[in-house]
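Quick notes on the structure that follows.
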Amino acid sequence: MDVEQGRYPVTLSLALAYFTSIGESRLPVVANDNRRRVMLCARAAKTLGLAVPILYRYCSCQISEPTARKMINTMNETEPLNQVAITKVSEDKNVVEYRLPNGLKVLLLENHTAPVVTVLVLYKVGSRNEGVGYTGSTHFLEHMLFKGTKKHNPEKGNGIDDLLTQIGAYWNATTWFDRTSYFEVVPAEYLELCVELEADRMRNLLLRQIDHDSEMSVVRNELERGENYPEEALEKDLYALAFREHPYHHPTIGWRTDVEGVPMDRLREFYNTFYWPNNATVVLVGDFKCDEALSVVAKHYGKIPAAPHPIPEVYTTEPPQEGERRFEINRAGDLARILIGYHVPEATHKDNHALAALRHILGSTYERSSCLYKILIDTSLAAETFARHDDLRDPGLFIIGATVTEDVEVKQVEEAIYSELERLSRELVTQEELDRAKSSNRKGTILAKADPSSLAFMLGEAESKADWHWLMEYDDKFDQVTPEDVRRVVATYFNKSNRTVGTFIPKEIEMSPEQMQAAMEAAEAQAEIESVLDAKHDLAELMANKPAVAKAKVKKPKIHTSSFASRLVKKVLPNGLTVLLMQNPGTESVGVCGILKAGKYFTTEGYKNSNLAELVADLLPKGSVRYSKMQIAQALESMGIAGGLEFSVDNYRLGFGTHVVSDDLPMYLDLLADLIRNPELSSEELAKTKIEWRSRFTEALNNTRSMAWNKMRRTIFDANHPFYEKTFEEQMIDLEEVSLETVREAHKKLFTPKGMIITVVGDTDLDEAFQHISDKFGDWHGDEPPSVDVPQASLPAKRTRIDVPIPEKKSTDIVIAHPTDLMRTGKDFYAAKLANAALGQDTITSRLGNVVRDRAGLTYGIYSAFSDTAFGSAPWSVSLSVNPKNVEKSLDLVSQVLSDYIENGISTEELSKETGRAVGAFTVGLASSLGIARALTEFEFLNLGPEELDNMSKNYAAVTKPQVDAAMKKYFHPEKAVTVVSGTFDK
């Protein structure tokens, strides 16, 4: 022992202190209980971060070291919570913080409003921890964390995605400057499964070269997709120029050559540096008991040691900027854009909340009472605008951006922004403006609690910026901001020498029909050669070592009958308006949504397939008989729902929906009624809206996805069909021809209480809610909307390919589609949905994703889907994005997967997996009052009622393999599908 004391003096003192702290007055060197001796040594090793052999030798266990290790491993699996030294650190607003001996921080918040839990694990590593040569490693590693561990290996059919798919989880991961977050939203019964999965991949990743190679091209396609959009290109260069020394200089996704070149060993080193308990926070929010949840966390994380090294700190700081910096991007595009970034302090700085208040006051396109809206949108200088405060762990940027209206110079927009900032540096904002911002902020916090997952994400973000107490204190500190504080921060930070300015100036590239044809022919010829040369992308070879389906063992979600029908109150006003009401107490908020039969299908004769219904909907929030546009905007802002009265339009529905604080429900319903019944519909607002829409169409002409779908709808439907879509140029012509009289006539015809549905779900008195609706809508009358009779579109005679060239695009969009006659009310609906789910509902675990993304690494995202099945004839499609060079390879693989699937049918394991996914997703999707309200509204619209909602789990569970196989043969016809490829073709 003297020798050991001499060699390990620190170990001796730490061990003595540790054993004393747990009630052992001396080292267990003479104890006869070898298991207890080993357990104490192991616990000391875990707690102190010491090597097990050191404590093993030091504690003089009278057994062999291999036996001791075996006992330690057994103890690690079974040691109960009361034997793990967990510290309760603090509690605030029902959030409780615990700390495990290995340094893991645990945040628990019980929320029993829905049988759902959110598990979020945040690692304090982001792109700020990267350097030249391995930028993007944080994000690349995020992808690799889904590639498996020894215990949960996709190659064995029990990977993370395999398991989570079967229970209907909503899961993903995100990377940002300061953090990487992994999360799962699941039925509450699967809390332990998620904790176990996250704990396992913290230290046990396989990190195989083959996974690195396939995932690199997936990440690269994600990067290429972003490069298609001017906004993303501008923001990447804005940060790169504003930060020269601090690592915020690097884009989160990384520089392209780093993404392509970073070796597996470098990613492994990055993983071994940062993925440790003492660099992580586990956040659990939802339907659980804290002591039970903590026991689960201790069971799975307690056995992981702390990092054997200090977690590297970022010590580089950005020196003050000494003059304006500018850059310009010139490439093919649509509209000019501008981004202006000002250096601002870190999130914990005393000025942070004043800057946040300024963000509210500057506003955005949909905050119509805001400064930017008034000076840019209302004046038609810009089609879109926003202000964003990036409050980060280190000093970040405050960004103001705008999309410039056609025929307006960028300089005009830039000068208007500077003029407004200069005014705010001289003049105090009014107390009324600031009070609205404060009300919006505080009510926004209440509304976030209505969705437990939102609160989990907020806690995680707070941890990345500072710690979770930062969030708990945020509203109180925001309320302390004064008008003078706002003026001071504008004067301090928003000056010329502190700003970086980026502009996107589109260059026109005219292509003649001959040039377009030549580009398409060249692309097809080159792609054909590459496809022949690349044998790697053969389906049989790609799947040679892959199990046919996941065979992971996980308890399936409970098949149960819900109770919506018994809890729902349905009332119909004399004018035909249907009101649905249901309580969901304890949330302090209410979900409100509704539908009118005022979609494109019902548009006045002569305007079929136009955007007239959508144009009317867009004008509704811009003024009514009783309220001006500004009064409406101010009321919504004070409720914390600046965009909460926007209306969406599809073929059949005009919809609305939002969360409101319970006390604001009467005000919201009052506004809603006046906007729907008595909109102002002024010539001034119509003219401004037309300018905004022209900009929208111009942008669509340069968007690969929009152009692909536009061409598709014009190809598979005739001009009189509800799903047909005119060219964007034709839509611009239609827009110019719409008069104010036409708009008002359309409103009068389309908007009627007959067939309208309003649903209220949440923490409110149902009788009072109904009375409010009756008071506001009861004396409204209108005609019966026409019945819906959608003609069945014919399948194309044969497979067809159409290419749509758009110059200078880094990523290409592909859509493969044809019409189907599937209807939501059809007997085979559930079978068809399961058939599609196994094929392409998920970009990773479905067949298409497994082959084209996971195995071949050709795309960031591939999906199959049925469009609106309310009345039939909607498209069934497969869509994906790829590098232009990979178009033919991808199409070939998609064709092989479809042929194999339709020929051989769904496997029993796939059917079981997709049934579990559907049942679990049903529970997760109804975690909030608004989610419930939307589901009830849609089922009422389809005349299915709450009974169908109650039986959904059973309906999915009753589907058989023969039914799914029959459905796919009935609805999937790739041999007659139209393929549209939109983008820049490799010459």
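Nothing in this text is a laboratory measurement; each read-out follows from the coordinates by a stated rule. Please read all numbers here as calculations on a predicted model, not as lab measurements. Quick reminder, even Gly has a Cβ in these numbers, built from the backbone with ideal geometry, and neighbours come from all protein chains shown.
Between the range 248-288 and the range 868-938, what is the separation of their alpha carbon centroids in Å? After rounding, the separation between the Cα centres reads 30 Å. A straight chain from Glu768 to Thr348 at 0.36 nm per residue would run longer than the Cα-Cα distance by 146.9 nm. Note on Lys411/Glu684: beta-carbon distance plugged into 1/(1 + (r/R0)^6) with R0 of 35 Å gives a FRET efficiency of 0.85. Set against the labelled values (1) 33.2; (2) 30.8; (3) 41.9, Kirkwood radius over Cα pairs in Å computed from this structure falls on (2). Long hydrophobic helices in the chain: the complete DSSP H runs spanning 24 Å or more by Cα along their own axis with mean Kyte-Doolittle hydropathy of at least -1.0 are 410-426, 513-533, 887-904, 908-925. Projecting the Cα atoms of Leu665, His772, Ala293 onto the dipole axis of the chain, where Lys and Arg carry +1 and Asp and Glu carry -1 at the beta carbon, places Ala293 farthest toward the positive end. As a calculated quantity, the FRET efficiency between Asn943 and Gln480 at R0 = 45 Å, using C-beta atoms, amounts to about 0.30.
Using a cutoff of 8 angstrom between alpha carbon atoms and counting only pairs six or more residues apart, the relative contact order for the chain works out to 15 percent. Put simply, the amide H of Glu808, placed in the peptide plane, has no neighbours under 5 Å, leaving out anything fewer than 5 places away on its chain. Let me check I've understood the local charge: for Leu880, count other residues with C-beta under 12 angstrom from its C-beta, Lys and Arg +1, Asp and Glu -1. What total comes out? After counting each charged neighbour, the total is +3. Spin-label model, Thr174 to Ser787: label points 7 Å out along the Cα-to-beta-carbon direction sit 4.7 nm apart.
Charge dipole of the chain (Cα centre as origin; +1 on each Lys and Arg Cβ, -1 on each Asp and Glu Cβ, all else neutral): 2960 debye, rounded to the nearest 20.
The alpha-carbon positions of the range 593-750 define a convex hull whose volume is 116 Å³ per residue. Sites listed here are GluC sites (Glu not before Pro) in the range 882-952 whose DSSP assignment is loop and whose Cβ has at most 12 other Cβ atoms within 10 Å, and the list is empty.
As a calculated quantity, the FRET efficiency between Ser563 and Ser648 at R0 = 35 Å, using C-beta atoms, amounts to about 0.75.
Look at the dipole of the chain built from charges on Cβ: of Gly126, Ser739, Ala307, the Cα furthest out on the positive end belongs to Ala307.
The residues neighbouring Glu231, those whose beta-carbon lies less than 14 Å from its own, together hold a net charge of -2 under the Lys/Arg +1, Asp/Glu -1 convention. Think of it as helices only: each DSSP H run of n ≥ 4 in the chain is worth -39500 (n - 2.57), and spread over all residues that comes to -13500 deg cm²/dmol at 222 nm. Each label point was placed 7 Å from the Cα along the Cα-to-Cβ direction; for Asp775 and Glu736 their separation is 4.9 nm. Sum up the charges of everything whose Cβ sits under 9 Å from the Cβ of Arg626, counting Lys and Arg as +1 and Asp and Glu as -1, but leave Arg626 out. It works out to a net charge of -2. Arranged from fewest to most other beta-carbon atoms within 10 Å of their beta carbon, His781, His747 become His781, His747. With the crude spin-label approximation of a point 7 Å out along Cα→Cβ, what separation in nm comes out for Glu155 versus His469? Label at Glu155, label at His469, 4.7 nm between them.
Subtracting the Cα-Cα distance of Arg801 and Ile311 from their residue separation scaled by 0.36 nm leaves 171.0 nm.
In units of the rule-of-thumb radius 2.2 N^0.38 Å, the range 828-955 shows an alpha carbon radius of gyration of 1.18.
With a cut-off of at most 15 other beta carbons within 10 Å, and DSSP calling the residue loop, which trypsin sites (Lys or Arg not before Pro) in the range 296-402 qualify? Please list them. Taking the range 296-402 and a limit of 15 other Cβ atoms within 10 Å, the loop trypsin sites (Lys or Arg not before Pro) found are Lys350.
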